[in-house]
Each structure stands twice: as structure tokens, then as C-alpha cells.
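What follows is a set of notes on a single structure, which appears directly below.
The values are calculated or read from the model by the stated rules, or taken from the named source; none is laboratory data. Just so it is clear, the structure is predicted and the values come from calculations on it, not from any experiment. Using ideal geometry, Cβ is built from the backbone for each residue, glycine included, and neighbour counts are taken over all protein chains shown. Surface accessibility is based on the protein's heavy atoms, side chains included, excluding ligands, DNA and RNA. Shrake-Rupley method; radii C 1.70, N 1.55, O 1.52, S 1.80 Å.
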Amino acid sequence: EYGDRVHFLFISNENQSTTLLFLQEKSWDFQSYKPLEPTPELLMSNSLPTTFIIDRDGVIVVKETGNKKWNSDAVRALLDEILE
């Protein structure tokens, strides 16, 4: 729905084949990435999954841990607000 206005990234330290299988099972159509360097302190978390929403200026707007319903009216409203 957001086309090229929002970029969804799946980043994991797990084996790439594991994450690709997970994405396929969920029917999610975005790339999986594995970090090449240590995670910056600002993005550290002891909980999985951890989801960040980062605005175009690189500011973390949302940091949520655990399973959440990301395909919701509230999240869409937040994304729309960030895109304004």
C-alpha cells in the first residue's frame, strides 16, 4: 500500500535460510538482511522480536518488543503521520 514511501526491512542474526523460510511462511514480500557489523547501542534489545519504526530523519519513533499487530489502523495512522 505504501509503495516506495515506506521501506520494510527484516534484520536478523539467524541463518539466512531460516529467515527466508519464515518470510515465505508469512507470505511477506521483503528482503531479509544479516548485519555485517555489531548492532549499534541505540538498536540493541534483549527481546525478540523487536520492531522499530524510524522516520526519514533517522529518529526512532517506535520501539516495540514482542509480537504486535502491525497491520492495524493505529499503525497505518502513525505511518501516514510520519509521511506528511
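In order along region 47-52, the Karplus-derived 3J(HN,Hα) couplings, from 6.51 cos²θ - 1.76 cosθ + 1.60 at θ = phi - 60°, round to 10, 10, x, 10, 10, 10 Hz, and Gly and Pro are given as x.
Taking only the Cα atoms of the chain, the ratio Rg/Rh comes out at 0.94, with Rh defined as the Kirkwood radius. Here the Karplus relation 6.51 cos²θ - 1.76 cosθ + 1.60, evaluated at θ = phi - 60°, turns the backbone of region 71-84 into coupling constants of 8, 10, 4, 5, 5, 4, 5, 5, 4, 4, 5, 5, 6, 5 Hz, with x for every Gly and Pro. Solvent exposure of Lys34, expressed as accessible area, is near 110 Å², computed with a probe of 1.4 Å over the protein chains only. Per-residue SASA remark: Thr18, around 70 Å² accessible (1.4 Å probe; ligands, DNA and RNA not included). Rounded to the nearest percent, how much of the accessible area of the chain (1.4 Å probe, protein heavy atoms only) is carbon and sulfur? C and S fraction of accessible area: 51 percent.
Accessible surface area normalised per residue over the chain is 84 Å², counting heavy atoms of protein chains with a 1.4 Å rolling probe.
Of the GluC sites (Glu not before Pro) found in region 1-82, those in coil by DSSP whose Cβ has at most 14 other Cβ atoms within 10 Å are Glu1, Glu14.
Computed from phi, the 3J(HN,Hα) profile of region 24-41 under the Karplus parametrisation 6.51, -1.76, 1.60 (θ = phi - 60°) reads 5, 4, 8, 6, 8, 10, 8, 6, 10, 10, 10, x, 9, 10, x, 5, x, 3 Hz, with x in place of Gly and Pro. Considering helices alone, the calculated mean residue ellipticity of the chain at 222 nm is -8000 deg cm²/dmol, with DSSP H runs of length four and up weighted by -39500 (n - 2.57) and normalised per residue.
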